[in-house]
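The values are calculated or read from the model by the stated rules, or taken from the named source; none is laboratory data. Since the structure is predicted, the reported quantities are computational estimates derived from the model, not experimental observations. Neighbour counts run over all protein chains shown; Cβ positions are idealised from the backbone, glycine included.
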Amino acid sequence: MALILNSSLVKAFDKFGQKAESDSADFDRSLLKTKRRAIHERVGLAMEKIFEDRLSDHYEALAYHFQRGQSLDKAVGYLAKSGEKSMGRYALEEAHKYYHDAFDILSGQSERLGNTDNQLIDLLNRWSFVYYYRGRYKELLSLLKDHQALAETLPDKDKRGMFHAWLGCALWHREQFNQAHQHLLTALTLGEEQNNFKVVGYACCWLAWVSAELGLLDDAIGYAERAQKIYLSGSRDDYIFVSSMAGMGYALWHQGNKSETLDVGNALVDFGQKQGDYRAKGMGYCCVGWSYQVGGELSQAVRFFERAVKVSVDPWYALFPKLALVYGMILNGKVLDAQNYITEILEFSQEFGAEFVGGPALFFQGMVMVIQGKTDKGLQILEGCYQSWIKNGNTLRYTTCGSILANVYADLACKARFRQQGNFALLAEKRATAYFKKSIESAKQIGAKATLGKAYRDWGYFRKDKGDTDKADKCFVEAAAYVQMCESAVLKAQFEVDATIT
């Protein structure tokens, strides 16, 4: 019995001893961790004093030490500054990591930091730029919606205004233009109430793009001009200038203003070259390409769209010019050459939520399928895109693409007549006529003269092929007004040929 008892005591003492050693090891590790934090803190504080006059050169090191030190508020600040610095060097993945680390600190250490809600929304407003340039709009919209209720509780109207602006931006790129418009107007109101020129400037930049998509082309130009005035008045935020100028070029292109679109493009290219801003150059080349597209100089347009693609370094700023290139190729009769770009745009859009380019790319995919002989499937895609834009009030898209869809049906009708497929030819003719009428009516309402002139000219060809010479003449007369307006020697020469043939 004594032997058994003694054995039990030994085991108990052994277990106690092991626990004591473990506790001691844990204590030692905790003490070591505390010491390390103290060392990192002292290094960070020393660096702030030593490099006081050139802190920006050491943001990354300061973030590293304070992140592992004791001043988490300093860590958040320097991580955000490091992210902004990396973004300026086009190192977007690196920037994303810095912002993500700062977000993790704020999300997980709220009890140790004061005023966390304000810091968190401010960080999201800054981090959003990285999502924007990377084209990750699905993730951005989800992140912002997760924090929208929190943002609405802030008394700080400046931060709330910028938050609504970013919500509008994310929704715009997800092709939700009406919702985007509402959030951007909210941002504009909050910015005006606070006399915050940055919030007003960003809201106006993005309202220019969204208003154009809603068919409010004059409003779009007005917002762009207001943003440019803010930039020139002293708010030297290059993004406000570049985005508003590009948005203006986008609206002017659809209005059919060839020379003004070219002026905007040249101004952006010049700005980009002087400032070393690849984003400005890329958007500038797009605008120059659009100006040539307005004038019917399609080979030149494609050449500048290709330049835009080459100079773009961000995922998003490289993708947007590819859509312009696809459209230019299609207008230039090189639909099948655009297939690789269409596939790339669609895959990116489906993965990351960039429907602003993905929607039109899907429409163009339908065109390719029709050309490849997959008529039923292609028409299903084309009609689906068109009806979706009608339903969602995406006026510019159904106006512009309605004219293209009319041409698709016109071409199918011509081929069906040649093959003596009477019933299908009649159906395609009716569809073509209906889409030409709808596109022309809508283009008149919104002032989309580029679409209007092209639609009248193409409708004239369609009527001429059918033998309706008088009706074709009327279409060419209407198209002549557009030719006169855009002052294009190329279109004028083409029109004279059309008129002679008719």
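Summary of values
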read-out: Residues within the stretch 206-264 that are over 23 Å from residue 178 (Cα atoms) and of a type in the set (S, T, N, Q), tallied; value: 6
read-out: Search result, residues across the stretch 326-341 that are modelled with pLDDT of 85 or more and among the β-branched types (Val, Ile, Thr); value: 326, 330
read-out: Test: residue in the stretch 208-215 that is closer than 23 Å to residue 316 by Cβ, of a type outside the set (S, T, N, Q) and touching a Gly at 6+ places or on another chain (Cβ under 6 Å); value: yes
read-out: Tabulated pairs, the stretch 473-484, first touching a residue at least 40 places away in the same chain (Cβ under 8 Å), second assigned to a helix (DSSP H, G or I) and not polar (S, T, N, Q), C-beta under 6 angstrom, 6+ apart or interchain; value: 482/449; 482/453
read-out: Residue in the stretch 326-339 that is among the aromatic types (Phe, Trp, Tyr), farther than 23 Å from residue 412 by Cβ and over 16 Å from the mean Cα position of the chain (by Cα) present; value: no
read-out: Residue check, residue 78 assigned to a helix (DSSP H, G or I), touching a helix residue (DSSP H, G or I) at 6+ places or on another chain (Cβ under 7 Å) and within 28 Å of residue 353 (Cβ to Cβ); value: no
read-out: Residue check for residue 332: over 17 Å from residue 306 (Cβ atoms), surrounded by fewer than 23 Cβ atoms within 10 Å (Cβ to Cβ) and either in contact with a strand residue (DSSP E or B) (Cβ under 6 Å, 6 or more places away or on another chain) or not acidic (Asp, Glu) (or both); value: no
read-out: The one condition in (1) more than 35 Å from the chain's Cα centre (by Cα); (2) at pLDDT below 90 that residue 424 fails to fulfil; value: (2)
read-out: Qualifying residue in the stretch 465-485 (condition: within 25 Å of residue 397 (Cα to Cα), in contact with a Ser or Thr (Cβ under 9 Å, 6 or more places away or on another chain) and not aromatic (Phe, Trp, Tyr)); value: no
read-out: Residue count, the stretch 129-150 (criterion: in contact with a Lys or Arg (Cβ under 9 Å, 6 or more places away or on another chain) and surrounded by fewer than 22 Cβ atoms within 10 Å (Cβ to Cβ)); value: 3
read-out: Wholly enclosed helices (runs of 4 or more DSSP H) of the stretch 95-175 bearing at least 2 residues touching a residue at least 60 places away in the same chain (Cβ under 8 Å); value: 116-134, 137-146, 157-173
read-out: Residue within the stretch 419-430 that is crowded, with 19+ Cβ neighbours inside 10 Å, touching a Ser or Thr at 6+ places or on another chain (Cβ under 6 Å) and small (Gly, Ala, Ser) present; value: no
read-out: Yes/no for residue 263 being out of contact with any Gly (no Cβ under 6 Å at 6 or more places or on another chain), over 28 Å from residue 399 (Cβ atoms) and surrounded by fewer than 24 Cβ atoms within 10 Å (Cβ to Cβ); value: no
read-out: Residues satisfying the stated conditions in the stretch 345-397, i.e. farther than 13 Å from residue 135 by Cα and outside any helix (DSSP H, G or I); value: 372, 373, 374, 393, 394
read-out: Qualifying residues in the stretch 212-229 (those that are touching a residue at least 40 places away in the same chain (Cβ under 8 Å) and part of a helix (DSSP H, G or I)) - the one nearest to residue 443 (Cα to Cα); value: 217
read-out: Residue tally, condition more than 14 Å from residue 283 (Cβ to Cβ), among the hydroxyl-bearing types (Ser, Thr, Tyr) and in contact (Cβ under 8 Å) with a residue 60 or more places away in the chain, over the stretch 299-334; value: 0
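Each row is one residue, and each column tells you yes or no for (1) among the polar types (S, T, N, Q); (2) buried (at least 18 other Cβ atoms within 10 Å of the Cβ).
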position	(1), (2)
396	no, yes
401	no, yes
435	no, yes
442	yes, yes
462	no, yes
474	no, no
479	no, yes
